[in-house]
Amino acid sequence: MSTTVSNSENTATPAVARARAIDDWRPEDVGFWEEAGARIARRNLVFSVLSEHIGFSVWSLWSVLVLFLGPEYHIDPAGKFLLTALPTALGSVLRLPYTFAVAKFGGRNWTVFSALLLLVPTVLAGIVLEPGVSYGTLLAVACVAGVGGGNFASSMANINAFYPQRLKGWALGINAGGGNLGVPVVQLAGLLILATAGAAQPRLLPLVYIPLIVLAALGAAWKMDNLTAMRNDKRAMREVSRDPHTWVMSLLYTGTFGSFIGFSFAFGQVLQVQFQAQFDTPVKAAYLTFLGPLVGSLIRPVGGLLADRLGGAKVTLWNFAAMAAGAAVVLVASRQDSLGLFIAGFVALFVFSGVGNGSTYKMIPAIFRAKARTAVASGTAPETAERDSRRRASALIGIAGAVGAFGGVLVNVAFRQSFLTTHNGNAAYLCFLVAYALCALLTWTVYLRPSVARLSDV
């Protein structure tokens, strides 16, 4: 049964079947939103967050499992950084097809399928994790965990379609922040297993997630909806791929989300390698590994709210300046071998990467909203301009999500090369500092510098 909303009455007929399909969805219509839209969107948001949360946990599973891989596995630090880089890479590649999948198969249907797909990397990890397993096998199984990274793109594209423009920053921030929390949660679960069962029981961690994955899929099947108006628009993808703003925003998102996911995967290893005396056992590193991802995830909705009130570009500019300062603190702490200052600097990087995740995603629909106003002023029908704005924003969310996630690969590669060549992370920290400064300059130049071509209210 489908849920249909009457254009004249602004009321919704409740769906009684669980094969939900909503034919008429008008979130910008205030009457529709207050009467039925907000309730339906909120229900879909809750179960989208749950599935995405577990997807992030599976995606970042190997950031914890590498802490279990002691001398009996015969893997050096460079090898462990590669184990965390591979799932990041596959997750970034999958984000683009996952974005298209929502419109092709339906948000509810794809959420169920993509959740069940998480069983593959968890079951495989539970089977192969034991001393004597080949490094190639571990690389292959770690790579498969990248399917968890694709869930973010489909979830964001789906929730973007449910919410009105004025609430997108909040909704996308909640959706992404709740998903990002999957990183510290799996790291806390790893800490619990290390502290109780010990480092000899790594397969317990992926096995814990099997029933949770099944529950997430059942919840999505029971409570979520498909928006039948969503369509894959290949023309929109072609249009935004030629738009310079697409690649500017992809680069900015690489600086924020790429940093968040890259640091989340690498932080525990960095502590073990750079401060070996203080973190001589996996459980000691695990006590701190979750801290940065936790605060970065919790703060992400704040970035969206700030962007709603102050403007996404302004928040993003100052945020990158703060990230550059955080990288400078980490660099100084590394050179002085100051653990306290090092942790403070890294926590700051996590906090501001979370804020930037929210503010940059708010900028994407705002950019096309500004272009829509220009089009209307030039004679385009308001309905056409609004429809074009939405489809292009959805397309850009998919591209930026895919490109931005690849930043996590760059972070892990930077750490790997820095530790291989200099036995410390100083070169990587300097690269991060320069990158954030350039992102701040780019944000000001494109979106805040006074000029005739400047887009308003971005």
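Remarks
- Among the residues listed as Gly340, Gly345, Gly354, the single one being assigned to a helix (DSSP H, G or I) and buried (at least 24 other Cβ atoms within 10 Å of the Cβ): Gly354
- Some residue of region 332-351 being touching a helix residue (DSSP H, G or I) at 6+ places or on another chain (Cβ under 9 Å), of a type in the set (Lys, Arg), at pLDDT 90 or above and farther than 20 Å from Leu441 by Cβ: yes
- For region 38-95, a tally of residues being among the basic types (Lys, Arg) and either closer than 15 Å to Leu118 by Cα or without any contact (Cβ under 8 Å) to a residue 60 or more places away in the chain (or both) returns 3.
- Any chance Ala325 is open to solvent by 10 Å² or more (accessible area, probe 1.4 Å), free of Cβ contacts under 8 Å to residues at least 24 places away in the same chain and assigned to a helix (DSSP H, G or I): yes
- Under the condition of being out of contact with any Pro (no Cβ under 9 Å at 6 or more places or on another chain), without any contact (Cβ under 8 Å) to a residue 24 or more places away in the chain and of a type in the set (Val, Ile, Thr), the residues counted in region 173-213 number 2.
- In region 26-48, the residues that are within 27 Å of Ile261 (Cβ to Cβ) and buried (at least 20 other Cβ atoms within 10 Å of the Cβ): Ala41, Asn44, Leu45, Phe47, Ser48
- Subset of region 292-313 (residues that are open to solvent by less than 50 Å² (accessible area, probe 1.4 Å), at pLDDT below 85 and under 25 Å from Phe368 (Cα atoms)): Arg300, Pro301, Gly304
- Flag if Leu65 is within 30 Å of Ala197 (Cα to Cα), open to solvent by 10 Å² or more (accessible area, probe 1.4 Å), modelled with pLDDT of 85 or more and assigned to a helix (DSSP H, G or I): no
- Within the option set Ala427, Ala414, Ala437, being over 19 Å from Phe368 (Cα atoms), in contact with a Cys (Cβ under 9 Å, 6 or more places away or on another chain), in a helix (DSSP H, G or I) and modelled with pLDDT of 90 or more holds for one residue only, Ala414.
- Every pair of residues 6+ apart whose Cβ atoms lie under 6 Å, when the first sits in region 439-450 and is over 13 Å from Trp318 (Cβ atoms) while the second is of a type in the set (Phe, Trp, Tyr) and surrounded by 15 or more Cβ atoms within 10 Å (Cβ to Cβ): none
For (1) surrounded by fewer than 23 Cβ atoms within 10 Å (Cβ to Cβ); (2) touching a residue at least 24 places away in the same chain (Cβ under 8 Å); (3) hydroxyl-bearing (Ser, Thr, Tyr); (4) within 19 Å of Thr360 (Cβ to Cβ), each residue gets a yes or a no:
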| site | (1), (2), (3), (4) |
| --- | --- |
| Arg387 | yes, no, no, no |
| Gly408 | no, yes, no, yes |
| Asn412 | no, yes, no, no |
| Phe415 | no, yes, no, no |
| Leu420 | yes, yes, no, no |
| Ala437 | yes, yes, no, yes |
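- Applying the criterion of being among the hydroxyl-bearing types (Ser, Thr, Tyr) and in a helix (DSSP H, G or I) to the residues of region 221-260, the residue that is surrounded by the fewest Cβ atoms within 10 Å (Cβ to Cβ) is Ser241.
- The sole residue among Ala453, Ala385, Ala437, Ala402 that is of a type in the set (A, V, I, L, M) and within 25 Å of Arg335 (Cβ to Cβ) is Ala437.
- Residues located in region 270-285, provided they are open to solvent by 10 Å² or more (accessible area, probe 1.4 Å) and either part of a helix (DSSP H, G or I) or modelled with pLDDT of 90 or more (or both): Gln272, Val273, Gln274, Pro282, Val283, Lys284
- In the set (1) part of a helix (DSSP H, G or I); (2) more than 16 Å from the chain's Cα centre (by Cα); (3) at pLDDT below 90, Gly379 fails one condition alone, (1).
The values are calculated or read from the model by the stated rules, or taken from the named source; none is laboratory data. Treat the numbers as computed from the prediction; the structure is a model and nothing was measured. No Cβ is skipped: glycine too gets one built from the backbone with ideal geometry, and neighbour counts run over all protein chains shown. When the accessible area is computed, the model is the full protein with side chains, heavy atoms only, and any ligands, DNA or RNA have been set aside. Shrake-Rupley method; radii C 1.70, N 1.55, O 1.52, S 1.80 Å.
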